[in-house]
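Right, one structure below, let's go through it.
The values are calculated or read from the model by the stated rules, or taken from the named source; none is laboratory data. Just so you know, these numbers come straight off a predicted model, no measurement behind them. Counting neighbours? That spans all protein chains shown, and the Cβs are built from the backbone with ideal geometry, glycine included. To get the accessible areas, we keep the full protein, side chains included, count just its heavy atoms, and leave off ligands, DNA and RNA. Shrake-Rupley method; radii C 1.70, N 1.55, O 1.52, S 1.80 Å.
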Amino acid sequence: MEDNRILAYLDHNVLDLMTKGDPHQVRELLKNNNLTPAYSDETLKEIQRSIGYECGFIELLEEIDAKYIEPILDQNFKQTGQANIHSVLASDTYKRFLANQSESCSGDFGMSEMLMKFYGGQSDKSFGEIFQQGSVDLQKYMMEALEGIDEIALDETIDIESIKKLIADLPALMSSQSSRVAEELDERGESPVSEFEAKTGIGPVILKNVKPPNVVEKIWQILSGIEGFSGIGIETFFGVKPHSFEADSDRERTIQEKVNAVYHQLNFLGYYRDSKMKKDRRFRASFSDMTHAGVASFCHFFLCRDEDLVMKAAAAYEYLGVNTRILHYKANK
């Protein structure tokens, strides 16, 4: 991304305060320092969830002439490490966002439910049930994508009937691969997060005492002192380098992906963990915070109000050498 503007990515909480009198005078900060405000699809998702206040947020983005930042994907929908900055009306961007949402699959095939259960949520479902429903949802999505394909002229080497059969067999195939993992997780009786804390003694109370600088390295030292702790390296543990069994294990992860990975692992371990992660609303808000931190790595500044977000993002940026500077507006101001 080549751009001479000084980009300032605005967290949703900062935007929220700007619609309520702007007590931190963010408008003046942007104007006086010639900063270009930026937002992303994740901003639009949070605006969509702010039922009844959507117009206020969109009007604010247009008032401050905020730019839409869009990470660039390759032909396989993988991150490239680059992003485009679009000078378009926020109202137009939001309309396209809503249209794309209605036309595309809105689910994640059980991933969110699985992660929520890791934190103790989804108590009415087993991991096996979550995995099974996810495979059924994926099958449905793929079958819908194939509707009408017989009427399209295709290369004769493409066997549509075989593809349909593979999709029909998908739930059974995925069940055979995930059933053992699901059984082991369900037999434990407590959430993986609670089990980790019980076995290691590591959690929010301990990690709250870890002070910058070198937060990630300090936490790694604590973990390495636990008897029987995994022998994998720090970069693999924090998701900076993929495991050998992962898809595209030979592909270098982008900075945005690395920030998200480190941020997520810090939250899992308990470093300024977001509260009430077992609740759907709070889980989605936490996921949005992680995504904001990743997208903000394309920018010069990241304006935030949430201390938990600030601390995890700062730790990830420092460890990865990201130059984005965080401006933290204290919540009690």
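Here is the list for region 163-197: trypsin sites (Lys or Arg not before Pro) lying in DSSP coil, each with at most 15 other C-beta atoms within 10 angstrom of its C-beta, are ARG188. Under the membrane-span-like helix rule (DSSP H runs whose alpha carbons stretch at least 18 Å along the helix axis, mean Kyte-Doolittle hydropathy -0.5 or higher), the chain yields 127-146, 170-187, 255-269, 307-320. Counting Lys and Arg as +1 and Asp and Glu as -1 over every other residue whose Cβ lies under 10 Å from the Cβ of GLY121, the net charge comes to +3. For region 210-270, a crude dipole built from +1 on the beta carbon of Lys and Arg and -1 on the beta carbon of Asp and Glu, taken about the Cα centre, is about 260 debye to the nearest 20. Residues in the chain average 56 Å² of solvent-accessible surface per residue, probe 1.4 Å, ligands and nucleic acids excluded. As a fraction of the 1.4 Å probe accessible area of region 17-99, surface on carbon and sulfur atoms comes out at 48 percent. In the structure displayed, which of LYS20/LYS258; LYS276/LYS312; LYS45/LYS208; LYS95/LYS276; LYS125/LYS241; LYS125/LYS278 lie more than 22 Å apart, Cα to Cα? Beyond 22 Å between Cα atoms: LYS20/LYS258; LYS45/LYS208; LYS95/LYS276; LYS125/LYS241.
Sparse packing (at most 15 other Cβ atoms within 10 Å of the Cβ) combined with a DSSP loop state is found for the following GluC sites (Glu not before Pro) in region 208-285: GLU227, GLU246, GLU252. For region 1-64, which chymotrypsin sites (Phe, Trp or Tyr not before Pro) are both in a DSSP coil and crowded by at most 15 other Cβ atoms within 10 Å? Within region 1-64, the qualifying chymotrypsin sites (Phe, Trp or Tyr not before Pro) (loop, at most 15 other Cβ atoms within 10 Å) are TYR53. Sorted largest first, the principal axis extents computed over the alpha-carbon atoms of the chain equal 62, 59, 38 Å. In region 162-229, a dipole from Cβ-located charges (positive for Lys and Arg, negative for Asp and Glu) runs towards its positive end, and of SER175, VAL210, SER194 it is VAL210 whose Cα lies farthest in that direction. Think of region 19-132 as having a plus end and a minus end, set by charges on the Cβ of Lys, Arg, Asp and Glu; of GLY52, SER87, GLN25, GLN25 sits farthest toward the positive end of this dipole.
The helix-based estimate of mean residue ellipticity at 222 nm for the chain, built from -39,500 (n - 2.57) per DSSP H run of four or more residues and divided by its residue count, is -16000 deg cm²/dmol to the nearest 500.
Counting only Cβ charges, +1 for Lys and Arg and -1 for Asp and Glu, the dipole size of region 1-144 around its Cα centre is about 140 debye.
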